[in-house]
Amino acid sequence: MSLIRQHLIDPEICIRCNTCEETCPVDAVTHNDDNYVVDAAKCEYCLDCISPCPTGAIDNWRVVSAPYSLEEQFSWTELPEQEEVDESELTADKGAAIDDEAAALIAVAHQGEGGRARAPASASKPQVNLYTIAKPAIARVVGNYRLTAPEANNDIRHVVLDFGGTAFPILEGQSIGIIPQGTDEKGKPHRMRLYSVSSARDGERPNHNNVALTVKREKIGVASNYICDLKKGDEVKVAGPYGATFLMPNDPEANIIMICTGTGSAPFRGFTERRRRAMPRAAGRLMLFFGARRPEELPYFGPLKKVPADVLDQELVFSRLPDRPKEYVQDRMRKHDEDIAALLEDDNTYIFVCGLKGMEAGVTEALADICRLHGLDWKRVHAAMLETGRFHVETY
Ligand SMILES: Cc1cc2nc3c(=O)[nH]c(=O)nc-3n(C[C@H](O)[C@H](O)[C@H](O)COP(=O)(O)OP(=O)(O)OC[C@H]3O[C@@H](n4cnc5c(N)ncnc54)[C@H](O)[C@@H]3O)c2cc1C
Ligand SMILES: NC(=O)c1ccc[n+]([C@@H]2O[C@H](COP(=O)([O-])OP(=O)(O)OC[C@H]3O[C@@H](n4cnc5c(N)ncnc54)[C@H](OP(=O)(O)O)[C@@H]3O)[C@@H](O)[C@H]2O)c1
Ligand code: SF4
Ligand code: SF4
């Protein structure tokens, strides 16, 4: 069966402003008195209409075997759910290339979720695919600071990118694609790499159109060295935003358990900052398990120590302290079994895991053991959390 990715407009969000119809170079967008719609037979997936749309209604896609007709779309009051399909059967010229590179990277990063991921029901609606590898946004570097101590073995950097007058709406937990300058040994442009934003949705500097990244320099790594060496004023090509499920619940009552190593802390810095700015007296708990070799190698160690305990419950875990046994995040989680079990019994608890792929198994085992110890069944807890968008993994 051949499938296509169909471009659709969300009738519940669209404000019928006509911008997309004016923008589309091939007249694929049309409307009646009820809805703006996209003609599947005409759309060429150029994405020109995506960034000018003021609401994000235009940025909706369904993989289908037979496209929804114009008549069906005119009569909709809401978009249909995505059917269960095998996306590997997407027809090459029918939208398969749209964000496929990013989608494939994210699919691998989310494998540890063990099922179909859903965004938390209360999460704000993300915008995705506004900019592509072919048509990236241009950002300017406004800061690049080393986060790890001078004597540390790893070089992790806090890089701030400013989009100036270009709209780049982003939510905490989403990623952006950085396209490194230059070409590979075969003369082809370098592949895009994904980086989580580590700032809150209203900017690293509030109400400025900027984002922060937390990037670790990898030995011989193309993109990480490119980013870590960027200087103030340099221009960078950015695609995205990407990611529609690893998003924080927009609910001050929600408890969020965040488990990370190294640069996996990036989205959780965004989550914490969002809570602090938008919901300073939130009743829900924010609990962070954060692993690094030593304090010198833990990004944001200094600033983290200043976050008050009533905002963030911090468990900083070190694996290579002199004269101390090795400890990983999952070991520390076991020490807080009662706390975690009580949170798992609460239907308003969310778990987010981010960082080293290698920690997935250990973290899942710890959760299963904690459940067993407290008369819970992790299989059932996990299934219920997945179903309600409360269990999220992004590892790389
Ligand atoms: C959803 C998502 C979010 C992410 N978020 C972040 C983030 O917030 N921060 C972050 O730092 N990273 C993040 N990453 C990882 C990031 O996308 C890159 O994969 C990472 O920075 C390495 O890219 P690179 O181009 O530097 O390395 P690459 O050039 O792609 O190399 C990959 C690895 O191979 C090794 N290697 C390359 N060439 C050789 C060789 N000849 N011999 C031996 N080894 C070699 C490199 O050392 C490196 O470890 C994320 C990934 C995903 C999927
Ligand atoms: N010089 C460079 O340019 C460069 C660049 C990149 C990396 N490095 C090397 O990478 C090292 C680590 O860098 P990093 O601090 O950013 O760390 P990381 O590799 O991201 O690891 C973070 C933490 O996770 C722990 N960990 C490893 N496996 C785990 C598992 N299965 N479950 C749970 N936790 C696990 C690590 O412990 P353990 O590691 O103790 O097992 C460490 O405490 C550096 O010390 C350095 O040697 C160097
Ligand atoms: S630009 Fe967006 S909001 Fe305006 S009509 Fe098109 S889809 Fe609707
Ligand atoms: S993606 Fe391009 S061709 Fe398709 S509706 Fe938008 S502007 Fe028109």
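The values are calculated or read from the model by the stated rules, or taken from the named source; none is laboratory data. Only a predicted model underlies this, so the values are computations on that prediction, with no experimental measurement involved. Virtual Cβ from ideal backbone geometry, glycine too; neighbours counted across all protein chains shown.
Tell me whether the stretch 66-86 contains one or more residues that are surrounded by 19 or more Cβ atoms within 10 Å (Cβ to Cβ), away from ligand 3 (no atom under 16 Å from the Cβ), farther than 30 Å from LYS357 by Cα and at pLDDT 90 or above.
yes
Go through the stretch 138-233 and tell me which strands (runs of 3 or more DSSP E), entirely inside it, have 1 or more residues that are more than 16 Å from ligand 3 (Cβ to nearest atom) and among the β-branched types (Val, Ile, Thr).
Qualifying strands (runs of 3 or more DSSP E): 156-162, 175-179, 210-216.
Checking the condition hydrophobic (A, V, I, L, M, F, W, C), in contact with a strand residue (DSSP E or B) (Cβ under 7 Å, 6 or more places away or on another chain) and away from ligand 3 (no atom under 13 Å from the Cβ), which residue from LEU8, LEU3 passes?
LEU3
Here is a yes/no grid of residues against (1) under 27 Å from the mean Cα position of the chain (by Cα); (2) among the small types (Gly, Ala, Ser); (3) farther than 22 Å from TYR131 by Cα; (4) within 9 Å of ligand 4 (Cβ to nearest atom):
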site: HIS7; (1), (2), (3), (4): yes, no, no, yes
site: GLU12; (1), (2), (3), (4): yes, no, yes, no
site: THR23; (1), (2), (3), (4): no, no, no, yes
site: THR30; (1), (2), (3), (4): no, no, yes, no
site: ASP34; (1), (2), (3), (4): no, no, yes, no
site: SER51; (1), (2), (3), (4): yes, yes, no, no
site: VAL63; (1), (2), (3), (4): yes, no, no, no
site: GLU71; (1), (2), (3), (4): no, no, yes, no
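Check the stretch 167-183 and report whether any residue there is away from ligand 2 (no atom under 16 Å from the Cβ), over 19 Å from TYR396 (Cα atoms), of a type in the set (A, V, I, L, M) and at pLDDT 95 or above.
yes
Taking the conditions exactly as written (of a type in the set (Gly, Ala, Ser), within 29 Å of ILE340 (Cα to Cα), crowded, with 23+ Cβ neighbours inside 10 Å and within 15 Å of ligand 2 (Cβ to nearest atom)), does SER265 satisfy them or not?
yes
Among all residue pairs at least 6 apart or on different chains, which show Cβ distances below 6 Å where the first residue, located in the stretch 1-18, is over 18 Å from LYS42 (Cα atoms) and the second is in a strand (DSSP E or B) and within 11 Å of ligand 3 (Cβ to nearest atom)?
Listed pairs, sorted by first residue: ASP10/ASN60; CYS14/TYR36.
Would you mention how many residues in the stretch 217-246 are within 28 Å of ALA342 (Cβ to Cβ) and buried (at least 24 other Cβ atoms within 10 Å of the Cβ)?
1
Say we look at the stretch 340-361 and pick out the residues that are surrounded by fewer than 16 Cβ atoms within 10 Å (Cβ to Cβ) and in a helix (DSSP H, G or I); which of these is farthest from ligand 2 (Cβ to nearest atom)?
Only one residue tops the list, namely ALA342.
For the stretch 25-52, name all the residues that are under 15 Å from GLN73 (Cα atoms), within 14 Å of ligand 3 (Cβ to nearest atom) and exposed (fewer than 13 other Cβ atoms within 10 Å of the Cβ).
ASN32, ASP33
Does any residue of the stretch 262-284 turn out to be in a helix (DSSP H, G or I), closer than 22 Å to PHE318 by Cβ and of a type in the set (D, E, K, R)?
yes
Report, ordered by the first and then the second residue, all pairs with beta carbons closer than 7 Å, sequence separation of six or more or different chains, a first member in the stretch 189-211 that is free of Cβ contacts under 8 Å to residues at least 40 places away in the same chain and on the phi < 0 side of the Ramachandran plot, and a second member that is assigned to a loop (DSSP other than H, G, I, E, B) and among the acidic types (Asp, Glu).
Within 7 Å, the pairs are HIS190/ASP184.
Quick one: what pairs do we get from the stretch 38-53, first residue in contact (Cβ under 8 Å) with a residue 60 or more places away in the chain, second away from ligand 1 (no atom under 16 Å from the Cβ) and aliphatic (A, V, I, L, M), C-beta under 7 Å, 6+ apart or different chains?
Every condition considered, the pairs that remain are ILE50/ILE58; ILE50/LEU130; SER51/LEU130; SER51/ALA167.
Can you list residue pairs whose Cβ atoms sit under 9 Å apart, with the first residue in the stretch 24-35 being under 15 Å from CYS53 (Cβ atoms) and touching a residue at least 40 places away in the same chain (Cβ under 8 Å) and the second being within 16 Å of ligand 2 (Cβ to nearest atom) and assigned to a loop (DSSP other than H, G, I, E, B)? Count only pairs 6 or more apart in sequence or on different chains.
Pairs that qualify, where the first residue is under 15 Å from CYS53 (Cβ atoms) and touching a residue at least 40 places away in the same chain (Cβ under 8 Å) and the partner is within 16 Å of ligand 2 (Cβ to nearest atom) and assigned to a loop (DSSP other than H, G, I, E, B): there are none.
Of all residues in the stretch 353-376, count the ones that are away from ligand 1 (no atom under 16 Å from the Cβ), touching a residue at least 24 places away in the same chain (Cβ under 8 Å) and of a type in the set (D, E, K, R).
Count: 2.
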